[in-house]
1. If I filter region 330-365 down to residues being more than 23 Å from residue 469 (Cβ to Cβ) and among the aliphatic types (A, V, I, L, M), which single residue comes out as most open to solvent (accessible area, probe 1.4 Å)?
2. Looking at region 390-434, which of the residues that are more than 18 Å from the chain's Cα centre (by Cα) and not in a helix (DSSP H, G or I) is nearest to residue 366 (Cα to Cα)?
3. Search region 187-204 for residues being polar (S, T, N, Q) and surrounded by 21 or more Cβ atoms within 10 Å (Cβ to Cβ), and hand back the single one that is nearest to residue 41 (Cα to Cα).
4. So, in region 87-132, of the ones that are of a type in the set (Phe, Trp, Tyr) and assigned to a helix (DSSP H, G or I), which residue ends up most open to solvent (accessible area, probe 1.4 Å)?
5. Against the condition under 21 Å from residue 425 (Cβ atoms), crowded, with 24+ Cβ neighbours inside 10 Å and in contact with a Gly (Cβ under 6 Å, 6 or more places away or on another chain), how does residue 461 come out, does it pass?
6. For region 135-161, which residues satisfy the criterion of being over 17 Å from residue 122 (Cβ atoms) and in contact (Cβ under 8 Å) with a residue 12 or more places away in the chain?
7. Could we say that residue 225 is of a type in the set (Gly, Ala, Ser) and in contact (Cβ under 8 Å) with a residue 60 or more places away in the chain here?
8. Test residue 140 against the stated conditions and say whether it is under 28 Å from the mean Cα position of the chain (by Cα) and aliphatic (A, V, I, L, M).
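The values are calculated or read from the model by the stated rules, or taken from the named source; none is laboratory data. Quick caveat, the model's predicted, so the values are computed rather than measured. Every residue, glycine as well, gets a Cβ built from its backbone with ideal geometry; the counts of neighbours run over all protein chains shown. Quick note on the areas: whole protein, heavy atoms, side chains included, nothing else; ligands and nucleic acids left out. Shrake-Rupley method; radii C 1.70, N 1.55, O 1.52, S 1.80 Å.
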Amino acid sequence: MRLATAADIRRLDERAEKEFGMSRLLLMENAGASVVIAMEKVFGALDGKRVTILCGKGGNGGDGMCAARHLVAHGASVVVGLVGTAKDLRGEPLANWTILDRMGLTPKELHTEGDLAWVRAAAGASDYIVDGLVGVGARLPLAGLLGDIVKTVNAAGKPVVAIDLPSGVDPDTGRIEGGPCMIAALTVTLGVPKRGLVLHPGTTRVGKLVVADLTFPLALLTDPGVTADIVMPEEAAALIPQRSPTAHKHAVGRVLLVAGSRSMTGAALLSGAGALAGGAGMVYVAAPASAAALLHGRQPELIIRPQAETAAGGLSADALEDLLAFAKPMHAAGIGPGLGVEEATRQAVIALVERLECPVVVDADALNALVGRVEVLKKAKAPRVLTPHAGELARLMETTADVIDADRIGSAVAAATRFGATILLKGARTVVAQPGGRAFVVSTGNPGMASAGTGDVLTGLAAALLAQGLSPVAAAILGAHVHGLAGDFARDARTELSLTASDVAGAVPKAFQHLRGEGSRA
């Protein structure tokens with residue numbers, strides 16, 4: 001499902017009018033009707049219900065005034081408040097105000113702080129409140145009377161239905177920039193969902209999300225200029241590798257994991273568990289000799305390959321040529337979990353990222369090794385998938401984690417373009433971006449996954465999917481979706497508080513089973 005920016009929406013509306021003859025009044029009519037249809041589906045019959053509709057002066061307010069007429073037709077008792085005056089209205093909003101006025105449902109003009117008393121009384125007497133205050137063109141943060149109205153509505157504690165998006169949410173990033181934001185029970189987004197509805201913190205204000213059909217032609221719904229999508233379960237399921245009846249272990253993916261050090265053997269084991277659960281037929285773990293000695297027998301399916309090590313038990317640069325030779329028959333590799341940050345290790349990692357001839361997942365300490373040396377990614381001999389969290393990507397991009405999180409989609413796309421690599425930006429919500437500008441938002445996962453080692457599981461899982469022939473972006477999308485879904489299953493069994501990386505790895509098979517329709521969430 002596509003995710004639009006405010007600029008995308010303006011372009012689609014313009015195309016609808018110019019190319020297909022769909023007037024803005026028609027789109028507004030479809031929007032108003034869709035809001036009421038969604039309300040009935042979610043809340044039940046509206047006959048006799050009391051509804052307050054709060055409208056701004058723009059298109060969002062026009063949608064609200066149109067919805068008022070449809071609510072009346074469905075038997076609801078409706079009052080409408082307009083922030084501003086009728087003299088402020090133009091075009092389609094004015095047309096809908098005129099209809100209400102002639103129906104005897106003239107909106108109450110709200111333009112002074114004293115009018116908050118009317119809002120408070122109307123909200124208190126209502127069963128539902130419809131938020132038609134501001135849409136994708138709003139200036140944020142909300143201030144003045146608009147901000148006070150939002151605060152008043154939130155304080156009323158009644159179910160709020162947001163038209164297009166809750167007032168106060170940035171449509172492109174999901175940010176709530178220091179001002180009040182409407183807390184909706186239901187958001188009826190129009191035509192194409194907005195990015196901010198699925199990104200934090202905006203997604204926490206959305207409630208149930210319904211996409212209203214404005215009857216856009218397919219050419220608009222598939223507009224190539226809309227470059228972000230949210231990953232739907234059926235889309236993730238379609239990416240799961242299919243195994244031939246004659247498959248054997250060497251044909252379904254050989255994975256090399258360069259992971260672990262004397263003090264961090266767990267990272268190697270967790271990434272190995274992720275690769276095994278992801279379907280790789282053969283999983284090799286290359287670790288410093290002293291770490292390898294500790295790994296033997298801990299996970300019998302893993303093949304442990306000791307490597308030259310530093311005095312501190314980290315990977316030595318002397319291991320480089322052996323690793324490059326050993327990796328030649330591999331279908332994919334994962335580098336980084338638990339390697340440490342010694343300079344000798346860093347030099348080996350940089351060379352591996354550049355010279356390995358198979359696709360590589362680059363994570364954790366391998367990402368840290370690339371800080372200041374990102375140019376090697378452009379020289380890499382095969383595709384690279386980077387799996388940073390916001391802090392790691394910030395170091396690579398020479399900025400701050402706050403900047404990355406302020407626009408997660410934009411940041412991931414910028415990194416993918418700059419590095420020529422697929423970016424899997426971990427966090428709430430995970431974003432996958434590929435060179436060329438396309439991005440995908442993954443909605444699975446939960447806060448319980450903020451636990452040491454969960455990223456190591458993802459490294460192995462993504463590497464296994466690469467090894468089975470998925471493209472870098474497909475491996476990243478499916479890996480992130482399954483990883484998050486496994487985390488959700490593990491949370492259901494263990495609670496967010498007690499969730500561990502081993503729990504996530506153990507739930508990966510159930511996540512695949514669920515995606516294939518072979519099991520239930522129960």
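1. 341
2. Among them, the one singled out is 421.
3. Kept after step one, since they are polar (S, T, N, Q), are these residues of region 187-204: 187, 189, 203-204.
Okay, now just the ones that are also surrounded by 21 or more Cβ atoms within 10 Å (Cβ to Cβ), so 187, 189.
Values: 187: 13, 189: 15 Å.
If we take residues in region 187-204 being polar (S, T, N, Q) and surrounded by 21 or more Cβ atoms within 10 Å (Cβ to Cβ), then 187 is nearest to residue 41 (Cα to Cα).
4. Quick first cut of region 87-132, residues of a type in the set (Phe, Trp, Tyr) only: 97, 118, 128.
Next cut, assigned to a helix (DSSP H, G or I) only: 97, 118.
Working: 97: 42, 118: 69 Å².
Ranking the qualifying residues of region 87-132, first place goes to 118.
5. Numbers: under 21 Å from residue 425 (Cβ atoms): yes; crowded, with 24+ Cβ neighbours inside 10 Å: yes; in contact with a Gly (Cβ under 6 Å, 6 or more places away or on another chain): yes.
So residue 461 passes the test.
6. Let us first name the residues in region 135-161 that are over 17 Å from residue 122 (Cβ atoms), namely 135-144, 147.
Result: 135, 136, 137, 138, 140, 141, 142, 143, 147.
7. Working: of a type in the set (Gly, Ala, Ser): yes; in contact (Cβ under 8 Å) with a residue 60 or more places away in the chain: yes.
Against the criterion (of a type in the set (Gly, Ala, Ser) and in contact (Cβ under 8 Å) with a residue 60 or more places away in the chain), residue 225 qualifies.
8. On the way: under 28 Å from the mean Cα position of the chain (by Cα): yes; aliphatic (A, V, I, L, M): yes.
Taking the combined requirement at face value, the residue satisfies it.
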